Amino acid sequence: MIKRIVITGGPGAGKTTLINMLEELGFLVSHEVSRKLIKQEAKKKDGVLPWKNLPLFAEKACLAMTKEWRYSVEATPYGNIKPLKPLFVFYDRGLPDIEAYLLNAKELVSNSIDSAISSYRYEKKIFWCAPWEDIYEQDPERPQDFKMATDLGVTIKQVYEYYDYQVIEVPKDTPSQRVDFILGNLD
């Protein structure tokens, strides 16, 4: 049985650090698809970037995330054998994040994105990292200022709640304490 656990929140809230630590502990992880996609698209002459064409970027991200969701099942070390205990896969963002980005930018959510969010579900409990100015940094894939990141973080939380996920706020603490909190709150 695969348990898909989402760690989400606004940009720069510490999600990637937690995902990297979980990977170091031996868990299967899915790194943030949109960051990978931004890097790929930025290399192209007419690449689709979220700050140029968010709706088209969202469609590309949705397609990539659904592939990643399906691949996490195929890539388990068990192949076709069902494990006796749950196998956890941790995701740096989930499909509902796409809707939050669109809503935050006052863009329409396509039927294909809405359908993917409804079809490709994660575990009911998701872990949300609140905006945290002390650790926030901008970079080429994260051009938002802290206020924009905060607004987006709140919208992300609301979208997960709308899709009936139980949002668990990860306390602001050391990375290892945050990982311990997440692992201690798994079913």
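Summed over the range 140-180, residues that are more than 18 Å from the chain's Cα centre (by Cα) and outside any loop (DSSP other than H, G, I, E, B) total 5. Residue pairs whose Cβ atoms lie under 7 Å apart, sitting 6 or more positions apart in sequence or on different chains, and linking a residue in the range 110-131 that is touching a residue at least 60 places away in the same chain (Cβ under 8 Å) to a partner that is of a type in the set (A, V, I, L, M, F, W, C) and assigned to a loop (DSSP other than H, G, I, E, B), are Cys129/Ala13; Ala130/Ala13; Pro131/Ala13. Scanning the range 139-149 for any residue that is at pLDDT 95 or above, polar (S, T, N, Q) and open to solvent by less than 70 Å² (accessible area, probe 1.4 Å) turns up nothing. Within the range 152-170, residues that are within 10 Å of Asp97 (Cα to Cα) have Cβ atoms under 6 Å from residues that are open to solvent by 70 Å² or more (accessible area, probe 1.4 Å) in these pairs: Thr155/Leu103, counting only partners at least 6 apart in sequence or on another chain. Scan the range 104-139 for residues that are small (Gly, Ala, Ser) and not in a loop (DSSP other than H, G, I, E, B) and the total you get is 5. Residues that are in a helix (DSSP H, G or I) and surrounded by fewer than 16 Cβ atoms within 10 Å (Cβ to Cβ) within the range 18-54 comprise Asn20, Glu23, Glu24, Lys36, Lys39, Gln40, Ala42, listed in sequence order. Exactly one residue among Lys3, Lys36, Lys67 is in contact with a strand residue (DSSP E or B) (Cβ under 7 Å, 6 or more places away or on another chain), closer than 24 Å to Lys157 by Cα and among the basic types (Lys, Arg), and that residue is Lys3.
Would you check which residues across the range 72-117 are modelled with pLDDT under 90 and either open to solvent by less than 30 Å² (accessible area, probe 1.4 Å) or in contact with a Gly (Cβ under 8 Å, 6 or more places away or on another chain) (or both) and list them? Listed by number, the residues that qualify are Ser72, Thr76, Pro83, Leu87.
Reported count of residues in the range 60-71, each being surrounded by fewer than 17 Cβ atoms within 10 Å (Cβ to Cβ) and within 23 Å of Lys106 (Cα to Cα), is 2.
The values are calculated or read from the model by the stated rules, or taken from the named source; none is laboratory data. Keep in mind the model is a prediction, meaning the values are calculated, not measured. Glycine gets a Cβ as well: all are built from the backbone with ideal geometry, and neighbour counts include every protein chain shown. Heads up: the accessible areas ignore ligands, DNA and RNA and are worked out on the full protein's heavy atoms, side chains in. Shrake-Rupley method; radii C 1.70, N 1.55, O 1.52, S 1.80 Å.
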